[in-house]
Every structure is written in structure tokens, then in C-alpha cells.
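Remarks on the structure that follows.
Where a number appears in this text, it was derived from the coordinates with a stated rule and is not lab data. Note that this is a predicted model, so its numbers are computed, not measured. Virtual Cβ from ideal backbone geometry, glycine too; neighbours counted across all protein chains shown.
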Amino acid sequence: MIAANIQKINQEIGQHARLIAVSKTKPIELLQEAYNAGQRLFGENKVQEMAAKWEQLPKDIQWHMIGHLQSNKVKYMAGFVDLIHSVDSFKLLEVINKEAAKNNRKINCLLQVYIASEETKFGLDEGELMELLERLKNSPLPNIEIKGLMGMASNTEDTNLIRREFKSLKQLFDKCKATYFVGSNQFNDISMGMSGDYTIAVEEGSTLVRVGSSIFGSR
Ligand SMILES: *Cc1c(COP(=O)(O)O)cnc(C)c1O
């Protein structure tokens, strides 16, 4: 089942986006099944759960942190995390930078942007995003690489609304790239799209889709 689901989604998203298998709350055996089907990118939303799974599974898996992140948890994944999708403050970036330095590495990050029309708690608005990038320009963090943006659309059946929200993230991405990353090759990723909306997300320019229940079943 899992192998067939992964194959189907990969066919749908094509060459432009990569599939992150969101495995939060799922047991190791199911992740191993996905791994055996060729899946190498996994997404988790809790640091300790991700670290426990990292210990038990093959080391060529790339682990993506997609959930809201508290500063005091960064140290538990700083040695191995491949990409943090959920950075929403300069303070958090400073902590990640420090923990990355302790581990003699750079940590890849996406800045989470609030694009939904409904009330959700996390993510930067456009003003805060630009302010953060301006601050980063003036005081660079050497152990951080900003790879792009992440966003979550409204949880709704209204596909026009979802599409508009994804379009707004893509526009913001283009604006950031043109303002702060000209001539740089690091700012290339837009993480958008989940089980219910990844096909729309890919049409609107997503490069990373985060899919859980359509691979592993409902939680
Ligand atoms: C859980 C989660 C997903 C995956 O959700 P599905 O609807 O199961 O595909 C994607 N992104 C984030 C941030 C999540 O927390």
C-alpha cells in the first residue's frame, strides 16, 4: 500500500517537486516500509520523536522538521536534521546557528510564512519576513542557510482560496529572491502542499510537498 501511494504521488508531482513523507505519529515499521520503497525524505513535527526515529533507521534518510519549534529543542536534532521548515523568528535562527556551529555544520532552514485566511498561530507575515531578511543581511549567521519559504494553506474545500494562498506564497518567494538573494544559489525552495492540496501546490510552484495521510493513512 505505502509503496503504491508513494509511486502514485511521485507520478503526480513530476520533476519539479520532491516528496516529503510526513511520518509523525507513525511507527518505525511503516517508515521502514516507505524506505524500502525508495523514500528518503521524511518529515516529523516533534523533535524528540524525530531523534528517536533517526537513531533506529538507516542513516541516508534526510530528516525534515516541519512542526512548530521551541528553541530549547534545537540541540536534540542539530547534528542530523537536513532542513527545518518552520523558522518563524530571528531569535530562533540565532539558536539554530549556535547549535549548528557546535556541530561544525550548516543547517538549512526555510522561513515559515502565514498565508492562510483562517486563524492559525504560526508563521511570519510579509512585513515580518522582510524585516527578518533585512536583519540577516546586516548580521549574517554563518552556520545557517536560508533555502526558501514554507507555508500552509487554509484547511478548506475552497480550492480557489487554496490556490490564491499558494500564489501569494510564490509571489512573496519571488520578491524575497529578487531583493535578498540575487546571484545566490541558495534560495530555491518553496515548501507547500499537503495530502489535500499538493496537486494545486505543485501547479503553483511548490518544490517540496509534505504528504502524510495520503501515504501512511489517517492519523
Ligand atoms: C501533518 C503535517 C503535514 C501532512 O499532513 P497530511 O494532511 O497528513 O498530508 C504537512 N505539513 C505540516 C506542517 C504538518 O504538520
Exercise. Note down the nm distance, to one decimal, between modelled labels 7 Å out along Cα→Cβ at R164 and at K59.
Key: 5.0 nm
Exercise. Run the quick spin-label model on S218 and E94: label points 7 Å from Cα toward the beta carbon, then report their separation in nm to one decimal.
Key: 4.4 nm
Self-check item: Cβ crowding within 10 Å averaged over residues, with 5-15, 100-110 ranked highest first
Solution: 100-110, 5-15
Self-check item: Given charges at beta-carbon only (K, R positive; D, E negative), |dipole| of the chain in Debye
Solution: 660 debye
Quiz item: With the contact rule set at Cα under 8 Å and sequence spacing of 6 or more, what percent relative contact order holds for the stretch 1-154?
Solution: 17 percent
Quiz item: With the chain treated as a Gaussian network of Cα nodes joined by springs under 10 Å, which of A178, A37, A21 yields the largest mean-square fluctuation?
Solution: A178
Quiz item: Just the Cα atoms of the stretch 1-98: what Rg and Dmax do they give in Å?
Solution: 14.1, 42
Quiz item: Mind checking which of H64, H16, H85 has the largest fluctuation in a GNM of the chain, springs on alpha carbons under 10 Å?
Solution: H16
Quiz prompt | Top of G148, G196, G38 by mean-square fluctuation, Gaussian network on the chain, Cα under 10 Å | solution = G38
Practice problem: Count neighbours as other Cβ atoms within 10 Å of each site's Cβ, and list the GluC sites (Glu not before Pro) in the stretch 127-219 that are DSSP loop with at most 14 such neighbours. | Solution: E157
Quiz prompt | All lysines inside 25 Å of K46 as judged from Cα atoms, apart from same-chain residues fewer than 8 positions distant | solution = K24, K26, K59, K73, K75, K91, K98, K102, K106, K121, K147
Practice problem: Starting from the Cα-Cα distance between N185 and T25, subtract it from 0.36 nm times their residue separation and give me the gain in nm to one decimal. | Solution: 54.1 nm
